[in-house]
1. If I take R0 = 22 Å and measure r between the Cβ atoms of residue 27 and residue 177 in this structure, what FRET efficiency does the formula 1/(1 + (r/R0)^6) give, to the nearest 0.05?
2. Report, in degrees rounded to the nearest 10, the 0 to 90 angle that the Cα long axis of helix 6-22 makes with the longest principal axis of the chain.
3. Calculate how steeply helix 169-192 sits against the longest principal axis of the alpha-carbon atoms of the chain, using the helix alpha-carbon long axis, and give the answer as 0 to 90 degrees to the nearest 10.
4. Kindly work out what percent of the DSSP beta bridges joining two residues of the chain are antiparallel, to the nearest 5.
5. Between residue 7 and residue 192, how high is the FRET efficiency from 1/(1 + (r/R0)^6) when r is the Cβ-Cβ distance and R₀ = 45 Å? Nearest 0.05.
6. Provide the descending list of Cα extents for the chain along its principal axes, expressed in whole angstroms.
7. Hey, fewest Cβ within 10 Å first, where do 189, 103 land in order?
8. Highest mean first, how do 38-46, 75-83 rank when packing is the count of other Cβ atoms within 10 Å averaged over residues?
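None of the figures in this text is laboratory data; all of them are computed from the coordinates on show. Given the structure is predicted, the values throughout are model-derived calculations rather than measurements. Quick reminder, even Gly has a Cβ in these numbers, built from the backbone with ideal geometry, and neighbours come from all protein chains shown.
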Ligand SMILES: [Zn+2]
């Protein structure tokens, strides 16, 4: 696994923070972002700060057990979940968690994003399950994501928000954006009263693209029966 340099990680985290805030994914001080920069080193965002207005000196370096290696601020309490994800998936280098409104509505309702509405979402994102309810910042929350590691690209956190992971923070953020976009299409489809997923054979054909597109997880979104 090739990790980002510390400087690249800092730049990506600050940029993702600004985009996440501007897109309305993280109100006030919500959300957290991290990057793995070595076997046992992770850079993460602090608690109690708007992710739209972070500066380099606010970021914190921790080891995979959560011990602070550098920085003056307190790391986000949610860093436990990030560290758990890095421990379970040695091939990822970035995690992004926020509360995008439409995916968070699905998270509040306990409804997974598991319908195959859009071609690219089937290939690149796949199913987004709901991790069971856990207190924010708790060890339980960190544990709640473990059964989904290696199988999916992101999760809804029940009554809480969404989290996505990838090779680096920017790509983890792209996945978070995809989750929100898919939640939006699912919501509009339900509001229109017309739920018309791709057919099962269309889904299976799309899944054959995953290896070439470098996607190794995501499960199989549900299609409708072929006519
Ligand atoms: Zn949160």
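1. Once rounded, the FRET efficiency stands at 0.85.
2. 60
3. 40
4. The answer is about 85 percent antiparallel.
5. 0.45
6. The Cα atoms of the chain stretch 61, 34, 29 Å along their principal axes.
7. Ranking 189, 103 by Cβ neighbours within 10 Å, fewest first, gives 189, 103.
8. Order by mean packing, descending: 75-83, 38-46.
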